1. Count, please, the residues in segment 173-223 that happen to be surrounded by 15 or more Cβ atoms within 10 Å (Cβ to Cβ), assigned to a helix (DSSP H, G or I), more than 20 Å from the chain's Cα centre (by Cα) and not hydroxyl-bearing (S, T, Y).
2. Filter segment 189-200 for residues that are within 18 Å of P102 (Cβ to Cβ), of a type in the set (A, V, I, L, M, F, W, C) and in contact (Cβ under 8 Å) with a residue 40 or more places away in the chain and give the result.
3. Regarding S92, is this residue in contact with an Asp or Glu (Cβ under 9 Å, 6 or more places away or on another chain) and either at pLDDT 95 or above or surrounded by 18 or more Cβ atoms within 10 Å (Cβ to Cβ) (or both)?
4. Which one of these is outside any helix (DSSP H, G or I), under 30 Å from G217 (Cβ atoms) and of a type outside the set (G, A, S): R71, R86?
5. Looking at segment 40-62, which of the residues that are assigned to a loop (DSSP other than H, G, I, E, B) and among the β-branched types (V, I, T) is farthest from the chain's Cα centre (by Cα)?
6. Within segment 1-39, take every residue that is modelled with pLDDT of 95 or more, charged (D, E, K, R) and within 17 Å of the chain's Cα centre (by Cα) and give me the one that is nearest to L75 (Cα to Cα).
7. Here are some conditions: (1) without any contact (Cβ under 8 Å) to a residue 60 or more places away in the chain; (2) surrounded by fewer than 17 Cβ atoms within 10 Å (Cβ to Cβ); (3) in contact with a helix residue (DSSP H, G or I) (Cβ under 7 Å, 6 or more places away or on another chain). R5 meets all but one. Which one does it not meet?
8. May I ask you to list the residues in segment 111-131 that are touching a residue at least 24 places away in the same chain (Cβ under 8 Å) and of a type in the set (G, A, S)?
Amino acid sequence: MQRTRGIREENLHKILLSKYLPSAELNRNFSTSELKGLFTEKTLLETYASLGGKEAFPEITFQVSFMEFGRFCVLLDEQIHFNRYRAKTLRSSFYENLKSFPLMKYKSYSRKYETECIKSGTSNPAWTNREAEFHFGASQSNGDLGLKGSAGWKLTAFKDFAIDMIARQRKLRLIRISVWDDLMINRALKKYYELLMSPGTIESELILKYVERKLIGLYADDF
């Protein structure tokens with residue numbers, strides 16, 4: 001069952017539909033087993049272990065709510081996606097060859113905006129759930145990042161990493177947009193966190209130009 005989009009994601013989708021034709025051909029079912037036996041398996045397992053993963057191989061299957069437009073697909077990364085565990089996954093050598101990925105920005109966001117992640121990600125199942133604890137063990141009490149921290153956050157970070165790896169394996173052109181990305185509007189920087197709540201005509205046009213630049217950048221990757 002496909003999850004309901006949040007208001008920012010829904011507004012971004014509407015803006016993109018004003019320029020790009022939608023597509024429904026993408027297989028949204030992702031599984032880490034797609035990387036089993038490939039040369040990338042070692043990289044996957046190293047990152048899983050760095051998060052405290054317990055299984056010899058993490059068999060994880062999940063759906064990804066892409067916004068799909070034929071030549072490319074888009075994911076909006078909201079607050080829950082930026083914290084110390086995502087920062088760990090971003091240390092992987094995998095990203096060294098993914099030129100289109102905003103690595104330095106995402107590393108910075110993961111350090112800078114963890115407090116925002118705490119504001120939105122301390123209830124269950126975001127903080128902890130059965131699947132997350134199966135892979136990463138029990139969590140601390142909700143909101144406590146000491147010692148064991150949050151199994152749910154670890155699982156979210158690992159899934160984000162797996163999405164990036166599987167998308168490359170499938171040769172998908174994936175654009176990630178963060179709510180902490182910003183645009184210059186009327187000589188002031190405004191973050192997508194704010195812009196996507198109620199975007200006007202000017203904001204929508206600038207967002208489309210931003211996505212167009214990101215789309216061109218995708219072709220820097222050697223598929």
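1. 2
2. Residue satisfying the conditions is L196 alone.
3. Values: in contact with an Asp or Glu (Cβ under 9 Å, 6 or more places away or on another chain): yes; either at pLDDT 95 or above or surrounded by 18 or more Cβ atoms within 10 Å (Cβ to Cβ) (or both): yes.
It is true that S92 is in contact with an Asp or Glu (Cβ under 9 Å, 6 or more places away or on another chain) and either at pLDDT 95 or above or surrounded by 18 or more Cβ atoms within 10 Å (Cβ to Cβ) (or both).
4. Details: R86 fails: outside any helix (DSSP H, G or I).
Being outside any helix (DSSP H, G or I), under 30 Å from G217 (Cβ atoms) and of a type outside the set (G, A, S) holds for just one of R71, R86, which is R71.
5. The extreme case among them is T40.
6. Checked segment 1-39; the qualifying residue nearest to L75 (Cα to Cα) is E9.
7. Looking at each condition in turn, R5 falls short on (1).
8. S120, G121, A126
The values are calculated or read from the model by the stated rules, or taken from the named source; none is laboratory data. Quantities reported herein were computed from a predicted structural model and do not represent experimental measurements. Quick reminder, even Gly has a Cβ in these numbers, built from the backbone with ideal geometry, and neighbours come from all protein chains shown.
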